[in-house]
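Here's the structure, in structure tokens; my notes come after.
The values are calculated or read from the model by the stated rules, or taken from the named source; none is laboratory data. Note that the structure is predicted; figures quoted are calculated from it, not measured. Here the Cβ positions follow ideal geometry from the backbone for every residue, glycine too, while neighbour counts run over all protein chains shown. Accessible surface is based on the protein model in full, side chains and every heavy atom, while ligands, DNA and RNA are left aside. Shrake-Rupley method; radii C 1.70, N 1.55, O 1.52, S 1.80 Å.
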Amino acid sequence: MKICFITYDVNQVGGIERVIAILSRYFTETFSWNVDILSLYSEETSAFFTLSEKVRVIHGKRNGLKEGKKFVKEYLLRSGNSYDYIFTFHLYLAQLMAVLMPRLAKSVKWIATEHNSVYYYTWKRKLLNLLMYRKADRLVVLTEECASYYRKHGIKNTAVLPNAVSFEIPEQSRLDQKRIVAVGRMERVKGYDLLLEAFAQIAGQYPGWKLRLIGDGVTRESLEKQAKELGIADRTEFAGYQKNVKEQLLEASFLVMPSRNGYEGFPMTALEALECGVPIVAFEMFQLREMAGTSDSMAFVEYGNVPELAKAMGDLMERREKLTAMGKEAKKRAAYYHSSHIGEMWKELLLGI
């Protein structure tokens, strides 16, 4: 089996890059498939997420999408027929594949993947998704909710394959440190400003508890200012990007996900928290509901309701028995997302096309 993943820049720090690293490693090391990564903008491999030594990265060294798409077109028209499957992870590369596929051999199959919630998009982007993805051999989405949308709009070859957790460990957090964490890019959609408001409402009631924000981004400066204005600067740590998120989660008592409605796809951070046996408090999201399944590993509150978010956080801060029970449920639920299970689902999907 020979597979090509096409992405903008394999060295970026994001959910797609993490998924590519996990899938390519599993395909090469478990199934002994050959995997190439076509990376439009990178010049050399210095990936934030560790790639298998068996994976070959082909660097486009291009500047901008127009030049990057030209690179992909030239490469695939020259070498595309050597692949059994070609994966795209971005809509604008899907547009290119829709044009190129008729020029490739019929034996080559195109797998389009969509990592965002469909409800995050404008109606124009939704329409473009529908036009492009219907031309793929398979459209793979992360949740049944999103699959239902695409199927309802005529893309019957839509499959649901959730992300696999990026690491698997025997240990789990002891949940005995008074530390709340949030992980991700610092952008408005992540809702960290709402989290700071919630923490400020209860910080005085729970001395010793601290909030650690892991990540960086365009809103960091304003968030630091907000923490000072709320009087919680000495209880809030801005830790920046951390390569070893596992260690951060193993030192946490629970994770908070205050994302603004519709943004998340199938957040890797939440999967990693489950693997570390760390409970999750979040605004209501169907993505996380599906991830949790029937487990009691997550506590949900009404979207945007800061007082309710504060109350849910305080509940775990003072009820040790509930925190411990949720942690056990989280670790148990994580097994469903181990690469052995998700990898077999991928194998079944690909061999069934």
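Leaving out ligands and nucleic acids, note down the accessible area per residue over the chain with a 1.4 angstrom probe, in whole Å².
44 Å²
Where in the stretch 264-303 is the amide nitrogen less than 19 Å from a point lying 7 Å along the Cα-to-Cβ axis of Val13?
Residues passing the 19 Å test: 267-273.
Would you please put 1-7, 200-206 in order of how densely packed they are, using the mean number of other Cβ atoms within 10 angstrom per residue and starting with the highest?
1-7, 200-206
Roughly what angle does helix 220-229 make with the longest principal axis of the chain, taking Cα atoms, 0 to 90 degrees, to the nearest 10?
Approximately 10 degrees, to the nearest ten.
Rounded to the nearest 500, what is the 222 nm mean residue ellipticity of the chain from helices alone, with -39500 (n - 2.57) per DSSP H run of 4+ residues and division by all residues?
Value at 222 nm, helices only, nearest 500: -12500 deg cm²/dmol.
Would you please give the FRET efficiency between Arg56 and Trp123, computed as 1/(1 + (r/R0)^6) with r the Cβ-Cβ distance and R0 = 56 Å, to the nearest 0.05?
The pair Arg56/Trp123 has a calculated efficiency of 0.90.
Please give the FRET efficiency for Glu229 paired with Arg319, using the beta carbon to beta carbon distance and R0 = 41 Å, rounded to the nearest 0.05.
My answer for the efficiency is 0.85.
How high is the FRET efficiency between Glu44 and Lys70 when r is their beta carbon distance and R₀ equals 22 Å, given to the nearest 0.05?
For R0 = 22 Å, the calculated efficiency reads 0.60.
If you roll a 1.4 angstrom probe over the protein chains with everything in place, what fraction of the accessible area of the stretch 254-353 belongs to carbon and sulfur, to the nearest %?
Ligands and nucleic acids excluded, carbon and sulfur give 49 percent.
How far is helix 91-100 tilted off the main Cα axis of the chain, in degrees rounded to 10, range 0 to 90?
Helix 91-100 and the main axis of the chain meet at about 10 degrees.
Which stretch or stretches of the stretch 219-248 have amide N atoms under 20 Å from the point lying 7 Å from Gln177's Cα along the Cα→Cβ direction?
233-248
Any chance you could give the angle, 0 to 90 degrees and rounded to 10, that helix 306-318 forms with the longest Cα principal axis of the chain?
Between the helix axis and the principal axis of the chain, the angle is about 70 degrees.
Could you check the spin-label model distance between Glu251 and Leu91? Points 7 Å from the Cα along Cα→Cβ, value in nm.
About 3.9 nm, to one decimal.
Say a paramagnetic label sat at a point 7 Å from the Cα of Met1, along Cα to Cβ; which residues of the stretch 119-137 have their backbone N under 13 Å from it?
Under 13 Å, as judged by backbone N against the label point of Met1, lies no residue of the stretch 119-137.
Filter the trypsin sites (Lys or Arg not before Pro) in the stretch 249-353 down to the DSSP loop ones having no more than 12 other Cβ atoms within 10 Å, then list what survives.
Arg319
Could the peptides 36-44, 337-345 be put in order, highest first, of the mean number of other beta-carbon atoms found within 10 Å of their residues?
Most protected by this proxy first, the peptides run 36-44, 337-345.
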